[in-house]
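Dropping a structure here in structure tokens format, bear with me for questions.
The values are calculated or read from the model by the stated rules, or taken from the named source; none is laboratory data. Computed from a predicted model, the values in this text were never measured in an experiment. Cβ coordinates were reconstructed from backbone atoms using ideal geometry, including for glycine residues, and neighbour counts include every protein chain displayed. These accessible areas exclude ligands, DNA and RNA; they are computed on the full protein's heavy atoms, side chains included. Shrake-Rupley method; radii C 1.70, N 1.55, O 1.52, S 1.80 Å.
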Amino acid sequence: MTEKYIIKQLSIFSENKAGKLAAIAKIFLDTGVSIQAFNIAEANNFGVVRAIVDKPEIAFNEFAKQNYALQYTDVLAIKMKDVPGGLYEVANLLGGLGINIEYAYAFRTGAYGALIVKVTNPRAAAQKIIDAGLELLPAKDYNF
Amino acid sequence: MFWNEKMETLHGHALEELQLKRLKETISRTQNVGFYKKMFKDAGITPSDIRSLDDLHKIPFTKKADLRNGYPFGFLAVPMNQVNRIHTTSGTTGKPTVVAYTKNDLNTWSDLIARNLTMVGLKAGDIFQNASNYSLFTGGLGIHMGAEKIGCAVVPSGVGNTKRQIEMIQDFGVTGLHCTPSYAMHLTEVAEEMHANLESLKVGCFGAEAWSENMRRDLQNRLGLKAYDSYGMSELFGPGVAFECPEQNGLHIWHDCYIVEIIDPKTGENLGAGEKGELVVTPIMKEAMPFLRYRTGDITMLMEDECPCGRGQKIARLLGRSDDMLTIRGINVFPSQIEHALKNIPEVGDQFMVYVDRVNYQDELTIEVEMNKNVFSGELKDLSNLQTKIVKALQDTLSLRASVELVEPGSLPRFEGKAKRVIDRRVI
Ligand SMILES: [Zn+2]
């Protein structure tokens, strides 16, 4: 069962304009949703804000209500050892498993870090990753 | 200097008589066209009701939209074995407007261009570089034929490859140049960067887009030539309908080939000399596609003063459009064309804004498009692909490269009533 490892990332379309990020952050604040991991991908005059939050449905509904273009994206969070070479170990292993990473971003909290990865087929990839001996953070532990 | 002094200076009764004769012939040709047959029937008139030039007012207007509905050959008044050339022009939706020419049409057209070029001092012995698009755009082949007719050595240089164009002007000793005014400005700048000496140039004919007296001064000083305004449109053959004489004060429109009216674009009422309105033209020498009272959409006025050169009544340099058509880099663009192109792309919403700027004398088209939130995938690469797709769709529809910016749903202005989606920020 890999379903519990599928994390619902919010992917929010945003223009690259002054004040746009603040407006997005304000919605999280106003809905009392806390952001666990956050990343911005930019191209030309626009970008996608990616956020992993503790209450994704609440945030999603509010953004939709405010007319944002957004989507849930299934991602995995791979626990990384908080030692030098932690990222190398994970990345090397994924490569060895033939898992193609569309994008990834790292974050850390407390005792350990994690690598958020977007892969083509997250459910199959999750199984391979567990079988290979790495630890995935389950979705219910958004406040890892 | 005249190419056809008799026709160019025809005035008064003699002119009116010729106009009426040719109008009647034109009306009779239009009766081969379903659209005009129906128009006459609906208006309760027959060709024999048009007995004087004043009777022309009994005939309803023909609009560009009518031509579009006739795509491709609905307005053809002759069988295809008499058609000698086909051009197209951009329309208000994806479909172009087709214009066709008989052999006589091509001859009449090139004769008008011969008049114009002779009027501004060009003749056999001149080397004439035609830096315009030679494909479907009538400014290429049209001007070319006329320049050949008067015996110029014509260089069909087309558009682009500006350095090569400048080298040719220098190496060949080019004396006459035809292009859009914005391309002339670009050529000027590149020539200055190259420290090129273009002193052989003496006459520049510039048309297909609006340009100011400031731009004229600039072009004349920097290129060392006299710059003349050229007016035309494919529906009326192409360029050459009206042209400036050496007085550089208004354009002579050829009254033996075109019956000119100026109307109030809202009411359709005829306006007098000196009053600004929409130019309505009845071409009376066209065979393949005769039109009656064609609304050009261009705003101008008939000028009151006679011209010292002895030719007929002039129209003022173009003062704008009565519809929402834009001319960008010499190409006609309707906002509805942009709308049409965007409609076929599901990832974008129905909201867009168009900005036109002039950067270094070149027109720049920027289009802001709202994302459709229902089809947003969440992936950045899809957005980049979408942007490329929109640029491509616009390029295909408009034949113009536009910058496309994706914006958030709901971020563009909403309009009550008529939408103002176009902001023309050009200072000409
Ligand atoms: Zn004159």
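Accessible area per residue of the range B:5-323 at 1.4 Å probe, in Å²?
Spelled out: the 1.4 Å probe surface of the range B:5-323, per residue, equals 39 Å².
Under a 10 Å cutoff between Cα atoms, tell me which one of B:Asp229, B:Asp49, B:Asp298 has the largest fluctuation in the Gaussian network model of chain B.
Between B:Asp229, B:Asp49, B:Asp298, it is B:Asp49 that shows the largest mean-square fluctuation.
Hey, with R₀ at 35 Å, roughly what FRET efficiency would B:Thr46 and B:Lys95 work out to, going by the Cβ-Cβ distance, to 0.05?
About 0.65, to the nearest 0.05.
Rank B:His178, B:His255, B:His13 by mean-square fluctuation in a GNM of chain B with C-alpha springs under 10 angstrom and give only the top-ranked residue.
Residue with maximal mean-square fluctuation among B:His178, B:His255, B:His13: B:His13.
Work out, step by step, the length gained on full extension between A:Glu135 and A:Lys8: first 0.36 nm times the residue separation, then minus their alpha carbon distance; give nm to one decimal.
My answer for the length gained is 43.9 nm.
While we're here: Could you work out how far apart the two model spin labels at B:Glu193 and B:Lys37 are, taking each label as a point 7 Å from the Cα in the direction of the beta carbon, and quote it in nm?
Reported label-point gap for B:Glu193 and B:Lys37 is 5.8 nm.
While we're here: With r as the distance between the Cβ atoms of A:Thr109 and B:Asn214 and R0 = 56 Å, compute the FRET efficiency 1/(1 + (r/R0)^6) and round to 0.05.
Plugging the Cβ-Cβ distance into 1/(1 + (r/R0)^6) gives 0.30.
Would you mind working out the accessible area per residue for the range A:33-134, using a 1.4 Å probe, and quoting it in Å²?
Each residue of the range A:33-134 exposes 47 Å² on average to a 1.4 Å probe.
So what is the 222 nm mean residue ellipticity for chain A from helices alone, if each DSSP H run of at least 4 adds -39500 (n - 2.57) and you divide by all residues, rounding to the nearest 500 deg cm²/dmol?
My calculation for chain A gives -9000 deg cm²/dmol from helical runs alone.
Now for a separate question. Rounded, prolate or oblate: pick one for the range B:1-105, where a ≥ b ≥ c are the square roots of the eigenvalues of its C-alpha gyration tensor, a/c under 1.5 means rounded, and failing that, prolate if a/b is larger than b/c, else oblate.
oblate
Springs between alpha-carbon pairs under 10 angstrom, Gaussian network model over chain B: which of B:Gly176, B:Gly160, B:Gly297 fluctuates most?
B:Gly160
Between beta-carbons, use under 15 Å as the cut-off and find the net charge around B:Arg358, counting Lys and Arg +1, Asp and Glu -1.
-4
Let me ask another. Given a 1.4 Å probe and no ligands, DNA or RNA in the count, how much accessible surface is buried by A and B, both sides, to the nearest 100 Å²?
1700
Buried by at least 40 Å² relative to the chain on its own: which residues of the range B:385-418 qualify, computing accessible area with a 1.4 Å probe on protein heavy atoms?
Buried-area filter returns B:Gln387, B:Leu406, B:Glu408, B:Pro409.
Please work out the FRET efficiency for the pair B:Asp382 and A:Ser34, using the Cβ-Cβ distance as r and a Förster radius of 35 Å; give the result to the nearest 0.05.
Approximately 0.80, to the nearest 0.05.
Please calculate the 1.4 Å probe accessible area of A:Phe38, with all protein chains present, and give it to the nearest 10 Å².
80
Considering only C-alpha atoms, what is the centroid distance from the range B:231-262 to the range B:266-325, in Å?
That distance is 9 Å.
Hey, which of these cross-link pairs are over 21 Å Cα-Cα: A:Lys20/A:Lys118; A:Lys26/B:Lys389; B:Lys149/B:Lys286?
A:Lys20/A:Lys118; A:Lys26/B:Lys389
Roughly to the nearest percent, how much of the accessible area of the range A:3-73 is carbon and sulfur, given a 1.4 Å probe?
52
Return the carbon/sulfur percentage of the accessible area of the range B:5-323, one whole number, probe 1.4 Å, all protein chains in place.
Carbon plus sulfur share of accessible area: 50 percent.
Ignoring ligands and nucleic acids, what accessible area does A:Lys79 show with a 1.4 Å probe (Å², nearest 10)?
In the full protein context, A:Lys79 sits at about 60 Å².
Still on this model: With a ≥ b ≥ c the root eigenvalues of the C-alpha gyration tensor of chain B, is it rounded (a/c under 1.5), prolate (a/b larger than b/c) or oblate?
oblate
Next question. Multiply the residue gap between B:Asn344 and B:Asp171 by 0.36 nm, knock off their C-alpha separation, and tell me the result in nm, one decimal place.
57.4 nm
Can you give me the solvent accessible area of B:Lys37 with a 1.4 Å probe, rounded to the nearest 10 Å²?
120
Can you give me the distance in nm between label points at B:Asp54 and B:Lys21, each placed 7 Å from the Cα along the Cα-to-Cβ direction?
Roughly 2.3 nm, to one decimal.
Provide, in order from the shortest bin, the percent of all Cα-Cα pairs of the protein assembly as shown in each 10 Å bin, continuing until the bin that contains the maximum pair distance.
Bins of 10 Å from zero give 3, 15, 21, 18, 13, 10, 9, 7, 3, 1, 0 percent of pairs.
Continuing with this model, one more query. Based solely on its DSSP helices, what 222 nm [θ] is calculated for chain B when runs of n ≥ 4 H residues each add -39,500 (n - 2.57) and the sum is averaged over all residues, nearest 500 deg cm²/dmol?
-9500 deg cm²/dmol
I'd like the Kirkwood hydrodynamic radius of chain A, using the inverse of the mean 1/r over distinct C-alpha pairs, in Å.
15.9
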